[in-house]
Amino acid sequence: MEQITNQVILRGTLASAPRFSHENHGKRFFRFYLDVPRLSSAVDTLPIVAPEALLESTLLEEGALLCVTGQVRSHNLRSDGKRHLLIFVFASSLALQDGEPANQVTLEGFLCREPTYRRTPLGREICDVMLAVPRAFQRADYLPCILWGRTAQEISRCHTRDSLRITGRLQSRVYTKVTEEGSQQKTAYEISALTAQILPQPLP
């Protein structure tokens with residue numbers, strides 16, 4: 001069986017009490033948000049989805065220090081005739097746990113579109129990629145990743161179907177979307193890469 005690498009470890013403060021999200025195959029799932037501080041003192045507010053069975057074994061109260069392990073997942077939501085890519089953490093374990101903030105992501109997958117390389121007005125190099133990370137039952141999660149500096153330059157030379165191993169953190173980013181109805185504040189989620197390794201291609 002093919003090994004799947006999609007791991008996330010978060011430790012932060014429970015920002016909201018769990019609320020019912022959805023039901024699937026007779027199982028109920030709940031959604032909540034975790035505040036994880038960065039070294040820069042900014043805070044990433046990250047969406048977590050957990051099965052009801054996990055919540056029954058862990059009493060969660062707003063403000064509690066919580067460690068979450070699981071996988072970064074994506075889901076295509078259709079609304080208003082448009083597709084929206086939802087990014088969240090699917091929890092496999094929850095534990096009330098003191099300690100330093102943690103935000104560690106490890107992914108292996110392949111590029112499902114060509115990388116986008118750009119420079120900021122201050123000259124910083126950035127490369128945006130969409131990584132398809134295989135999941136069980138021949139499914140995949142499509143996860144936006146952002147790379148910086150020399151790593152951005154190296155990965156910008158990759159192409160669709162090239163395989164990567166990325167380590168980094170899951171971050172939230174607030175932006176303003178301007179529409180005909182006016183401007184709206186929205187939140188995007190992406191993996192900010194610390195390292196990226198080009199993996200050897202499997203033999204045909």
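The values are calculated or read from the model by the stated rules, or taken from the named source; none is laboratory data. These numbers come from a predicted model, not from an experiment. Every residue, glycine among them, receives a Cβ derived from its backbone with ideal geometry; neighbour counts consider all protein chains shown. These area figures cover heavy atoms from the full protein model, side chains too; ligands, DNA and RNA do not enter into them. Shrake-Rupley method; radii C 1.70, N 1.55, O 1.52, S 1.80 Å.
Dividing the Cα radius of gyration by the Kirkwood radius, what Rg/Rh value follows for the stretch 1-112?
Working: Rg = 14.8 Å, Rh = 15.1 Å.
Result: Rg/Rh = 0.98.
For the stretch 87-101 and the stretch 153-204, what is the centre-to-centre distance using only Cα atoms, to the nearest Å?
Measuring centre to centre over Cα atoms gives 22 Å.
What FRET efficiency do you get for Glu56 and Ile9 if R0 is 22 Å and r is their Cβ-Cβ distance, rounded to the nearest 0.05?
On the way: r = 22 Å, r/R0 = 1.01.
So the FRET efficiency works out to roughly 0.50.
For the stretch 63-172, restrict the atom set to alpha-carbon positions and state the Rg and Dmax in Å.
16.0, 44
Show me the GluC sites (Glu not before Pro) within the stretch 103-181 that DSSP assigns to loop and that have at most 11 other Cβ atoms within 10 Å of their Cβ. Intermediate results must be reported in sequence, preceding the final value.
On the way: sites: Glu108, Glu125, Glu154, Glu180, Glu181; in loops: Glu180, Glu181.
Hits after loop and neighbour filter: Glu180, Glu181.
Go through Pro144, Val43, Gln97 and say which Cα lies farthest out towards the positive end of the charge dipole of the chain; charges sit on Cβ, +1 for Lys and Arg, -1 for Asp and Glu.
Ranked along the dipole, the leading option is Pro144.
Taking springs between alpha-carbon atoms closer than 10 angstrom, which of Val43, Val72, Val105 fluctuates most in the Gaussian network model of the chain?
Result: Val43 has the largest fluctuation of those listed.
Under a crude label model (7 Å from the Cα following the beta-carbon direction), how far is Leu96 from Ser40 in nanometres?
Going from the Leu96 label point to the Ser40 one covers 3.4 nm.
Starting from the Cα of Leu199, move 7 Å in the Cα-to-Cβ direction to define the label point; list residues of the stretch 102-119 whose amide nitrogen is under 11 Å from there.
107-111
Please list 3J(HN,Hα) in residue order for the stretch 86-99, calculated via the Karplus relation 6.51 cos²θ - 1.76 cosθ + 1.60 where θ = phi - 60°; whole Hz, with x for glycine and proline.
Couplings: 8, 10, 7, 9, 8, 7, 10, 8, 9, 8, 6, 7, 6, x Hz.
Build a GNM of the chain with springs between Cα atoms under 10 Å: which of Ser21, Ser41, Ser163 gets the top mean-square fluctuation?
Ser41
By how many nm would the segment from Arg78 to Glu125 grow when fully extended, if each residue of separation counts as 0.36 nm and the alpha-carbon distance is taken off?
Values: separation 47, 0.36 × 47 = 16.92 nm, distance 3.32 nm.
The Arg78-Glu125 span can extend by a further 13.6 nm.
Check cross-link reach from Lys177 to the lysines: straight Cα distance under 29 Å, and skip same-chain residues fewer than eight apart.
Lys82, Lys186
With label points built 7 Å along Cα→Cβ from the Cα atoms of Glu23 and Tyr175, find their separation and express it in nm.
3.7
Check Glu190: other-chain or 5+ apart residues with amide H under 5 Å from its amide H, H built from backbone geometry?
Gln171
Rounded to the nearest 0.05, what FRET efficiency do Lys186 and Arg139 give with R0 = 22 Å and r taken as the Cβ-Cβ distance? Could you check? Kindly include the intermediate steps, with their values, before the conclusion.
Working: r = 26 Å, r/R0 = 1.19.
Once rounded, the FRET efficiency stands at 0.25.
Under a 10 Å cutoff between Cα atoms, tell me which one of Pro121, Pro134, Pro37 has the largest fluctuation in the Gaussian network model of the chain.
Of the options given, Pro121 has the highest mean-square fluctuation.
Can you match volume of the Cα convex hull per residue in Å³ to one of these, (i) 110; (ii) 168; (iii) 153, based on a calculation from the structure here?
(ii)
For the chain, with all protein chains present and a 1.4 Å probe, just round the carbon and sulfur fraction of the accessible area to a whole percent. Let's see the in-between values first.
Values: 6260 of 12550 Å².
Result for the chain: 50 percent of the exposed heavy-atom area is carbon or sulfur.
Please compute the per residue accessible area over the chain with all protein chains in place, 1.4 Å probe, rounded to a whole number of Å². Write out the running numbers ahead of the final one.
Details: 12550 Å² over 204 residues.
Ligands and nucleic acids excluded, the figure is 62 Å² per residue.
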